[in-house]
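Reviewing the structure listed below.
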Amino acid sequence: MLSSTQSLVGFAFVLAIIIVDGLILVEERGDSETMVWIDGGTFTMGSDRGLKDEAPARPVEISGFWIDKYEVTNSQFKQFVDATAYATGAERFGDSMVFQSPAARSLSELVPLSWWQLVKEADWRHPEGPNDTIIARTNHPVVQVNYEDALSFCNWQGKTLPTEAQFEFAARGGREGQIYSWGDQPIHREQGVTNHWQGTFPIKNENTDGHAGSAPVGSYPANDFGLYDITGNVWEWVSDWYHPNAYVILKDRNPIGVTRHQSFDPSEPNLPKRGIRGGSFLCSENYCQGFRVSARMPADPESATNHTGFRCVIPTRSNRLDAVWLN
Ligand SMILES: [Ca+2]
Ligand SMILES: [Ca+2]
């Protein structure tokens with residue numbers, strides 16, 4: 001085995017040349033200050049106690065990989081934009097989706113999803129609209145980034161987005177079969193485990209955790225693998241195309257998701273969707289419960305919202321070809 005040290009866009013990687021099955025593979029080693037190495041292994045992916053798209057729970061084998069400790073922040077995304085003059089989808093489209101708390105006093109008065117509004121000039125620098133600013137939120141996760149924006153940032157760092165299986169394996173932190181990254185205790189029985197919504201979504205945010213919106217990354221305890229906000233704070237893009245029956249279809253070793261052509265969301269059958277994971281500051285016990293480690297959510301890859309961000313992984317042999325590209 002040979003190794004050498006190389007600097008890539010300001011991030012240190014150690015390149016190791018590994019000979020496997022007669023093929024020479026180049027595997028980058030992450031910066032342990034900002035990334036965590038996850039040992040590979042077999043875990044039970046999904047849940048038979050959750051929603052239908054999380055079943056059947058089944059054994060999945062994952063190869064080891066490096067993953068960011070934190071969600072990508074506004075200041076990190078600014079470095080990328082400053083270096084590349086990248087324009088996000090929301091900036092090019094001129095609008096983006098923003099959560100707006102409805103005036104209704106009870107859930108029965110609400111039209112489902114009416115709390116999402118398309119707001120002109122909402123983008124990553126102005127997550128809730130033109131009068132909003134991220135000046136005091138440099139260490140908050142970047143939001144209002146669509147799938148291509150997230151992947152472009154990761155590629156700029158020599159990284160890619162995690163697969164759905166990598167994300168769930170990392171989020172579980174070795175807690176086999178448990179509901180949350182902290183165990184089986186319901187979130188209302190735990191103190192300060194993650195940034196989520198307390199109270200009745202979407203009409204009353206009791207805000208007992210002190211963050212009605214996003215929190216600075218790392219404000220809450222890490223999970224058992226040392227990953228911060230891997231549940232809660234903001235949803236995170238994963239590389240898999242979404243299918244509600246993915247766990248019936250996918251292979252058992254390093255699954256990478258269905259194809260774009262196969263992607264299917266029953267609520268919008270003609271629009272291929274990617275997956276997002278981990279829940280956000282808008283997830284509550286009465287509504288999405290996205291902070292359960294098996295929870296899955298389809299998302300339009302071209303759309304961005306003010307509660308979805310991402311983190312990156314170093315490409316491995318298992319996801320190098322399939323996750324780096326957009327289709
Ligand atoms: Ca909160
Ligand atoms: Ca998160």
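The values are calculated or read from the model by the stated rules, or taken from the named source; none is laboratory data. No experiment lies behind these values; they were computed from the predicted model shown. In this analysis, Cβ positions are derived from the backbone assuming ideal geometry, glycine residues included, and neighbour counts consider all displayed protein chains.
Yes or no, residue by residue, for (1) within 16 Å of the chain's Cα centre (by Cα); (2) within 16 Å of ligand 1 (Cβ to nearest atom); (3) among the β-branched types (Val, Ile, Thr); (4) outside any helix (DSSP H, G or I):
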{"site": "GLN166", "(1), (2), (3), (4)": "yes, no, no, no"}
{"site": "ALA171", "(1), (2), (3), (4)": "yes, no, no, no"}
{"site": "ARG175", "(1), (2), (3), (4)": "no, no, no, yes"}
{"site": "GLN178", "(1), (2), (3), (4)": "no, no, no, yes"}
{"site": "HIS196", "(1), (2), (3), (4)": "yes, yes, no, yes"}
{"site": "ASN205", "(1), (2), (3), (4)": "no, yes, no, yes"}
{"site": "GLY210", "(1), (2), (3), (4)": "no, yes, no, yes"}
{"site": "ALA222", "(1), (2), (3), (4)": "yes, no, no, yes"}
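Number of residues in the stretch 135-159 that are out of contact with any strand residue (DSSP E or B) (no Cβ under 9 Å at 6 or more places or on another chain), of a type in the set (Gly, Ala, Ser) and not in a helix (DSSP H, G or I): the value is 1.
Among the criteria (1) surrounded by 24 or more Cβ atoms within 10 Å (Cβ to Cβ); (2) over 29 Å from THR42 (Cβ atoms); (3) more than 16 Å from ligand 1 (Cβ to nearest atom), the one SER267 does not fulfil is (1).
Only one residue in GLY226, GLY257 is under 20 Å from THR160 (Cβ atoms), away from ligand 1 (no atom under 16 Å from the Cβ) and not hydrophobic (A, V, I, L, M, F, W, C). Which one? Please lay out each step first, then the result.
Details: GLY226 fails: under 20 Å from THR160 (Cβ atoms).
Just a single option satisfies the conditions, and that option is GLY257.
For HIS188, the conditions (1) within 16 Å of ligand 1 (Cβ to nearest atom); (2) in a loop (DSSP other than H, G, I, E, B) are fulfilled apart from (2).
Answer yes or no: is there a residue in the stretch 72-85 that is at pLDDT 95 or above, more than 16 Å from ligand 1 (Cβ to nearest atom) and within 29 Å of GLN178 (Cβ to Cβ). First the steps, then the outcome.
Going residue by residue through the stretch 72-85, those that are at pLDDT 95 or above are 72-85.
Now restrict to residues that are more than 16 Å from ligand 1 (Cβ to nearest atom): 72-85.
Now narrow it down to the ones that are within 29 Å of GLN178 (Cβ to Cβ): 72-73.
So far as the stretch 72-85 goes, yes, one or more of its residues are at pLDDT 95 or above, more than 16 Å from ligand 1 (Cβ to nearest atom) and within 29 Å of GLN178 (Cβ to Cβ).
Scan the stretch 176-190 and report the pairs whose first residue is in contact (Cβ under 8 Å) with a residue 12 or more places away in the chain and whose second residue is of a type in the set (S, T, N, Q), with Cβ atoms within less than 7 Å and a gap of 6+ or a chain change. If the second residue must be of a type in the set (S, T, N, Q), the pairs left are GLU176/THR44; GLY177/THR44; TYR180/THR231; SER181/ASN223; SER181/THR231. Among residues that are within 15 Å of ligand 2 (Cβ to nearest atom) and closer than 28 Å to VAL36 by Cβ, ARG253 is not included.
Consider the stretch 295-314 and keep the residues that are away from ligand 2 (no atom under 14 Å from the Cβ) and assigned to a loop (DSSP other than H, G, I, E, B). The one that is surrounded by the fewest Cβ atoms within 10 Å (Cβ to Cβ) is GLU302.
Taking the residues in the stretch 231-254 that are away from ligand 1 (no atom under 16 Å from the Cβ), of a type in the set (A, V, I, L, M) and buried (at least 19 other Cβ atoms within 10 Å of the Cβ) as candidates, determine which candidate is farthest from TYR147 (Cα to Cα).
As a first pass, look at the stretch 231-254 and keep what is away from ligand 1 (no atom under 16 Å from the Cβ): 236-254.
If we keep only those that are of a type in the set (A, V, I, L, M) too, we end up with 238, 246, 248-250.
This time we only want the ones that are buried (at least 19 other Cβ atoms within 10 Å of the Cβ), so: 238, 246, 250.
On the way: VAL238: 9, ALA246: 20, LEU250: 22 Å.
My answer is LEU250.
Got a sec? Which of ARG260, ARG292 is modelled with pLDDT of 95 or more, out of contact with any Pro (no Cβ under 9 Å at 6 or more places or on another chain) and part of a loop (DSSP other than H, G, I, E, B)?
Residue meeting the stated conditions: ARG292.
Looking at TRP115, is it modelled with pLDDT under 95 and closer than 22 Å to MET297 by Cβ? Yes. Scanning the stretch 263-289 for residues that are modelled with pLDDT of 95 or more and charged (D, E, K, R) gives ASP265, GLU268, LYS273, ARG274, ARG277.
Total residues in the stretch 80-92 satisfying the condition of being assigned to a helix (DSSP H, G or I) and touching a residue at least 60 places away in the same chain (Cβ under 8 Å): the figure is 5.
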